1. Using Cα atoms only, what is the angle between the long axis of helix 172-185 and the major principal axis of the chain, expressed in degrees (0 to 90) to the nearest 10?
2. For the peptides 131-137, 120-126, 240-246, what is the packing order when you average, over each peptide's residues, the other Cβ atoms within 10 Å and list the highest mean first?
3. What fraction of the DSSP beta bridges in the range 66-179 is antiparallel, stated in percent and rounded to the nearest 5?
4. If the chain between residue 398 and residue 189 were fully stretched, how many nm would it gain, using 0.36 nm times the residue separation less the Cα-Cα distance?
5. Roughly how far apart, in whole Å, are the Cα centres of the range 275-341 and the range 115-138?
6. Antiparallel versus total DSSP beta bridges in the chain: what percent is that, nearest 5?
7. How tilted is helix 93-106 with respect to the longest principal axis of the chain? Cα atoms for both, answer in degrees (0 to 90, nearest 10).
8. Can you give me the relative contact order of the chain as a percent, contacts being Cα pairs under 8 Å and 6 or more apart?
Ligand SMILES: *Cc1c(COP(=O)(O)O)cnc(C)c1O
C-alpha cells in the first residue's frame, strides 16, 4: 500500500486543519501506544499475511466489481457496483474489525470494547471477537438497544456483552462516552475498536488503511474490465466515512477521478431533520478530532436524522471534512425518499437489495452529469436485509411492474 501525498494524513495526524487527537489526558498512554506501533505492526509480514488470508477466506474477498447493465442503460453511463454487500456480515465494516482484532492481538490485548449505534459495528466487532476468542463488551444507548433488537440478539449469540447506556439521550454519543470511560479505566489490557474513520489520530488513518483494500481491488478489477485502472466517477455514502475513505484511498491524488460523497439529507437539508454534515456543519471537536459537525450557536451538537441508521452521525471523519473543504470531493445530498426510490430501482433492475446507506450513494447517479461511455463506480457498502422493515412499509408506493 502506498502513502499518497496531499489528501492523506500528515505526521501529526491532520488532514489540512482537521483531525488530530483532542483527548483527555488520562487517554494519552492508550493513544500513544497505538500511535507509536500501528504502522510497524500493520506492515509487518505476519500481520499482512494473516490479514490477507482472513480477508480472503473469512470475509470472502475480493468482492466482485459488477458491471450493472440494466442500471447502466437506465442512467446512460457505465455503472459498476463494488459489492461490499457480499462480505461476511453484510457490509464493509468487517474489513476494519478484522484488521483491528489482529492489531489487538499483536498488542497483547485480551479485552475488546466498542460502541455501536444501529448495532452494525457492534455485530462486526462481536464477530471478530468470537473468531479470536477475546472478551467483547459493546456499549449501546438504551434507546438503540430497544430499537435494534435483531442486532442485539446477534451480538449476544456471538458471545458479546451488550451494556445498555442510560445517560443523556441514550444513543450513540452516550455509548461513546461510556466506551471512552471504560478505556480510561482499563488502559493496559483493553483495545477500543472504533468503527469508522472518526476519533482521535491514529484511528481515522488506521481505519482508512484497513478499508483501502476496497480501492486496491477496484484498480485491478477496473483495469481488467475497462482497460483503465480508474473510473471517471467514484461514488460513496458518508456516515463517518469509512467505506468512502477505503474506496477513495488509492485515487486520492488521481485528478482523473471525480470523488462524489453522498450525505443523508433526511427530510431535506433545510428541514431541521437531516444528517448533511458538511453542508450544515461548522468546525468543532467531536470524539477527539477536529472536523465538521452539526452544532448550534452554543456549540451544542445537533441531533442528526436520517432514515438510514448508519448515516445519522452529527460529524464526518476528518479526511472527509478536508476532502469537502479543499474541493477534492463533491458533496451530494440525498433525501430519505430519494434513497428509497434508488433502493427499489436497483432491486427491480438488478435483483440486488441494497442497504439504505448504500441506496443514498445509488441515488446520486440521478444527479451526476456523465456521458454514456464514462465509467462510474458506486461503492455498494452493504446489503438490505437489515432494512426490510423500512422497505416493506413502502412497498405499495412501488408497484411491481417496472416502467423503463
Ligand atoms: C455503517 C454503514 C455505513 C456508514 O459508515 P461509514 O463509516 O460512513 O462507511 C454505510 N453503509 C453501510 C452498509 C453501513 O453498515
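1. The helix 172-185 is inclined about 30 degrees to the chain.
2. 240-246, 120-126, 131-137
3. For the range 66-179, the DSSP antiparallel bridge percentage is about 15.
4. Gain on extension, residue 398 to residue 189, equals 70.1 nm.
5. 25 Å
6. Taking every DSSP beta bridge with both residues in the chain, the antiparallel ones total about 30 percent.
7. 20 degrees
8. Values: 822 pairs, mean separation 79.5, N = 404.
The normalised contact order for the chain reaches 20 percent.
Rule-based calculations on the coordinates, nothing more; no lab input. Quick caveat, the model's predicted, so the values are computed rather than measured. Every residue, glycine among them, receives a Cβ derived from its backbone with ideal geometry; neighbour counts consider all protein chains shown.
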